[in-house]
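*Asks:* Quick one: the structure is below, and I'll ask about it shortly.
The values are calculated or read from the model by the stated rules, or taken from the named source; none is laboratory data. The structure displayed is predicted, hence computed values, not measured ones. Note: ideal-geometry Cβ built from the backbone for every residue, glycine included; neighbour counts use all protein chains shown.
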Amino acid sequence: METINNIDNILELEKVSFSFSGKSNENILEDISFEVKKNEIVGLLGSNGCGKTTLMNLIAGFIFPQKGKIKKMSFGGNNFFSSLVFQEFSLLEWKTVRDNIELSLISFDFSQQKKNRIVNSMLKLLKLEDYENKLPKQLSGGLKQRVAIARALAPNPSLLLMDEPFSALDVKTKEVLMMDMRKIILNNNESEVSSIFITHNIEEAIFFCDRIVLINPLSKGVKEIVNVNLPKNRQLEKLLRSSHFLNLNKYLKKTLKDLT
Amino acid sequence: MFNSEKIWQWVSAITIFFYIWWIGAFIFQNPFIPNPFEVIFSSVNLFQSGEIFVHIWGSVRRTVFGFLLSLLIASLLGYVVGVSSFLKNYVSPIIELLRPIPPIAWIPMSILWFGIGDASSLFIIFLAAFFPIFTSVSFGVASLPEVYNRVSIDYDLTVYQKFIHIIFPFSLPYLFSGCKVSIGFAWMAVIAAEMIAVNSGLGYFIEINRVLLKTQYVIFAMIVIGLIGYVMNKIISYLEFKVVVWKQ
């Protein structure tokens with residue numbers, strides 16, 4: 001693993017380029033550079049097909065860049081470990097909520113007692129205690145995604161990668177879950193979790209993220225990194241009426257429109 | 001599982017069937033078309049002597065054994081081929097060539113290879129049951145959604161852990177579908193094999209009574225075959241209902 005330049009960062013991407021064919025003239029991503037700080041939520045915003053999910057697969061280590069470096073840092077004595085929340089419901093439909101969460105702990109050399117303790121704390125954190133013995137088919141979309149998030153958080157990852165996790169949810173469920181998720185990620189006393197959040201929805205990105213990386217579908221690189229500059233604890237209803245939110249929303253919309 | 005309406009439908013359908021059969025036998029007045037009452041009364045002798053049970057047991061034993069052998073080998077091969085596209089490319093052409101050959105076409109060769117007896121009939125049953133299970137399992141495993149592969153990579157699952165927690169449970173509905181088709185094929189194959197390759201079982205019973213012109217026994221044995229085939233299918237459906245709970 002490459003050494004990271006800044007100790008405040010958990011992840012650094014340096015001029016990362018990727019193409020599925022391996023040919024540089026067919027790059028999907030070109031010279032992508034940004035960093036993720038400890039305990040920070042970074043949004044990747046761009047139109048559909050601009051390479052956001054490919055970038056996340058690169059960070060997750062499913063695929064590897066042809067050019068550039070992805071530097072990952074560990075802290076608190078733990079090795080770097082990322083965990084994913086997928087766009088589609090990825091729960092194993094034959095396992096109960098409890099067993100689905102425990103799946104992410106299988107490869108760890110923990111005692112069953114410790115696993116149970118972690119799963120119980122996740123059930124509590126994500127307000128899933130009443131559903132622990134239910135099968136995914138018995139849950140609503142919002143609850144399914146809560147289970148997926150609990151499963152991703154259970155191994156205490158350094159970086160939580162979220163690929164449009166709210167896209168399949170209705171507006172109300174999405175709002176509640178987004179607010180809960182921000183609290184969980186940023187107010188987690190047991191560990192410092194950072195997160196990369198992929199979306200094509202500007203409002204989601206502003207509400208959920210501390211910084212937003214705008215992907216340019218034309219140059220396949222980073223157009224701009226925008227600081228959201230909103231308080232850590234956010235109330236969606238208040239936020240939607242604030243002039244800062246509206247101005248930022250307008251600016252991002254215009255920038256994205258210019259890119260397409 | 002059964003409600004009164006369904007039972008009523010069954011009873012009505014069977015009664016109508018027997019009625020049509022009885023009218024047919026009455027019209028044709030042919031000694032080779034016994035009426036339903038002759039068939040039912042003649043069966044009393046078979047039950048009293050216990051002869052029919054010997055043949056039923058012979059056929060069921062062969063079918064179950066051949067089916068289980070096929071289940072073991074076909075599912076194992078199905079999992080290996082489903083996981084490995086490399087192996088699939090080599091195994092598929094062989095399977096596609098062998099699959100269209102009816103199991104009955106193998107009977108002459110099986111007699112030459114294994115002689116008259118259980119071994120040759122087991123070989124036929126094995127072949128009949130093999131392809132539906134193999135095809136279902138390999139297709140099921142190959143259709144594992146990509147997101148489950150990524151889940152297994154993300155959580156660092158070993159090959160064994162991935163098989164136990166993801167591939168095997170995911171493939172169970174496919175395995176049961178294959179088994180339901182397979183048990184029917186195996187049951188049909190055992191009857192055909194017993195007519196030629198063995199000296200016991202319902203197939204043999206039908207053949208010997210055909211020669212003796214005891215058509216009422218032949219038809220009674222056919223009814224028993226239908227009933228047992230139905231029960232076998234129901235047993236597998238029941239197991240599927242109990243095991244694949246997430247699909248109910």
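*Asks:* Please verify whether region B:203-216 includes one or more residues that are free of Cβ contacts under 8 Å to residues at least 40 places away in the same chain, within 14 Å of chain A (Cβ to nearest Cβ) and among the polar types (S, T, N, Q).
*Replies:* So far as region B:203-216 goes, no, none of its residues is free of Cβ contacts under 8 Å to residues at least 40 places away in the same chain, within 14 Å of chain A (Cβ to nearest Cβ) and among the polar types (S, T, N, Q).
*Asks:* Another question, if that's okay. I need a count of the residues in region B:48-64 that are surrounded by 21 or more Cβ atoms within 10 Å (Cβ to Cβ) and in contact with a Leu (Cβ under 7 Å, 6 or more places away or on another chain).
*Replies:* 3
*Asks:* Could you please find all residues in region A:121-157 being among the charged types (D, E, K, R), surrounded by 21 or more Cβ atoms within 10 Å (Cβ to Cβ) and outside any helix (DSSP H, G or I)?
*Replies:* none
*Asks:* Scan region B:108-131 and give yes if some residue there is surrounded by fewer than 17 Cβ atoms within 10 Å (Cβ to Cβ), away from chain A (no Cβ under 14 Å), more than 30 Å from B:ILE196 (Cβ to Cβ) and at pLDDT 90 or above, otherwise no.
*Replies:* No, because not a single residue in region B:108-131 is surrounded by fewer than 17 Cβ atoms within 10 Å (Cβ to Cβ), away from chain A (no Cβ under 14 Å), more than 30 Å from B:ILE196 (Cβ to Cβ) and at pLDDT 90 or above.
*Asks:* Here is a further query. Within region B:179-222, how many residues turn out to be under 12 Å from the mean Cα position of the chain (by Cα) and of a type outside the set (Val, Ile, Thr)?
*Replies:* The qualifying residues number 9.
*Asks:* For A:LEU92, state whether it is of a type outside the set (Phe, Trp, Tyr), within 13 Å of chain B (Cβ to nearest Cβ) and more than 17 Å from the chain's Cα centre (by Cα).
*Replies:* Considered against the rule, which asks whether it is of a type outside the set (Phe, Trp, Tyr), within 13 Å of chain B (Cβ to nearest Cβ) and more than 17 Å from the chain's Cα centre (by Cα), A:LEU92 comes out as yes.
*Asks:* Of the numbered conditions (1) closer than 30 Å to A:SER47 by Cα; (2) in contact (Cβ under 8 Å) with a residue 60 or more places away in the chain, A:ASN156 fails exactly one; give the number of that condition.
*Replies:* Just one mismatch for A:ASN156, condition (1).
*Asks:* Let me ask another. Among all residue pairs at least 6 apart or on different chains, which show Cβ distances below 7 Å where the first residue, located in region A:16-40, is without any contact (Cβ under 8 Å) to a residue 40 or more places away in the chain and the second is charged (D, E, K, R)?
*Replies:* Within 7 Å, the pairs are A:GLU35/A:GLU12.
*Asks:* Separate question: Do we have any residue at all in region A:236-247 that's touching a residue at least 12 places away in the same chain (Cβ under 8 Å), surrounded by fewer than 18 Cβ atoms within 10 Å (Cβ to Cβ), closer than 30 Å to A:ILE7 by Cα and not β-branched (Val, Ile, Thr)?
*Replies:* No, because not a single residue in region A:236-247 is touching a residue at least 12 places away in the same chain (Cβ under 8 Å), surrounded by fewer than 18 Cβ atoms within 10 Å (Cβ to Cβ), closer than 30 Å to A:ILE7 by Cα and not β-branched (Val, Ile, Thr).
*Asks:* If a residue must be touching a helix residue (DSSP H, G or I) at 6+ places or on another chain (Cβ under 7 Å) and within 16 Å of A:ILE196 (Cα to Cα), how many such residues does region A:12-36 contain?
*Replies:* 1
*Asks:* Cβ-Cβ below 8 Å, separation at least six or inter-chain, first residue in region A:194-208 and under 13 Å from A:SER167 (Cβ atoms), second of a type in the set (Ser, Thr, Tyr) and assigned to a strand (DSSP E or B): which pairs?
*Replies:* Once the first residue is under 13 Å from A:SER167 (Cβ atoms) and sits in region A:194-208, its partners that are of a type in the set (Ser, Thr, Tyr) and assigned to a strand (DSSP E or B) give A:ALA205/A:THR199; A:PHE208/A:THR199.
*Asks:* In addition: Based on what the data block shows, is A:SER33 within 12 Å of chain B (Cβ to nearest Cβ) and surrounded by 15 or more Cβ atoms within 10 Å (Cβ to Cβ)?
*Replies:* Here the answer is no, as A:SER33 does not meet what is asked.
*Asks:* Of everything in region A:103-120 that's within 26 Å of A:MET178 (Cβ to Cβ) and more than 10 Å from every other protein chain (Cβ to nearest Cβ), which residue is surrounded by the fewest Cβ atoms within 10 Å (Cβ to Cβ)?
*Replies:* Among them, the one singled out is A:ASN120.
*Asks:* A:ILE59: within 14 Å of another protein chain (Cβ to nearest Cβ), outside any helix (DSSP H, G or I) and either over 24 Å from A:MET179 (Cβ atoms) or acidic (Asp, Glu) (or both), yes or no?
*Replies:* No, not satisfied.
*Asks:* So which residues in region B:80-97 are closer than 10 Å to B:PHE134 by Cβ and in contact (Cβ under 8 Å) with a residue 24 or more places away in the chain, if there are any at all?
*Replies:* Residues satisfying the conditions are B:VAL81, B:GLY82, B:ILE95.
*Asks:* Go through region B:137-150 and give me each residue that's closer than 14 Å to B:LEU175 by Cα and within 12 Å of another protein chain (Cβ to nearest Cβ).
*Replies:* B:LEU144
*Asks:* Further question: Would you say A:LYS183 is out of contact with any Leu (no Cβ under 7 Å at 6 or more places or on another chain) and closer than 30 Å to A:ILE7 by Cβ?
*Replies:* Yes.
*Asks:* Among (1) touching a Gly at 6+ places or on another chain (Cβ under 8 Å); (2) hydroxyl-bearing (Ser, Thr, Tyr); (3) loosely packed, with under 15 Cβ neighbours inside 10 Å, which single condition is B:THR15 missing?
*Replies:* Just one mismatch for B:THR15, condition (1).
*Asks:* Out of the residues in region B:151-167 meeting the condition of being on the phi < 0 side of the Ramachandran plot and surrounded by fewer than 17 Cβ atoms within 10 Å (Cβ to Cβ), tell me which one is farthest from the other protein chains (Cβ to nearest Cβ).
*Replies:* Ranking the candidates gives B:VAL159 first.
*Asks:* A further question follows. Pick from B:SER200, B:SER171: which is within 14 Å of chain A (Cβ to nearest Cβ) and either crowded, with 22+ Cβ neighbours inside 10 Å or more than 30 Å from A:LEU103 (Cα to Cα) (or both)?
*Replies:* B:SER171
*Asks:* So, one more: Taking the criterion of being within 14 Å of another protein chain (Cβ to nearest Cβ), of a type in the set (A, V, I, L, M, F, W, C), under 14 Å from the mean Cα position of the chain (by Cα) and assigned to a loop (DSSP other than H, G, I, E, B), would at least one residue in region A:62-80 satisfy it?
*Replies:* no
*Asks:* Out of B:PHE176, B:PHE134, which single residue is in a helix (DSSP H, G or I), in contact (Cβ under 8 Å) with a residue 40 or more places away in the chain, within 20 Å of the chain's Cα centre (by Cα) and away from chain A (no Cβ under 14 Å)?
*Replies:* B:PHE134
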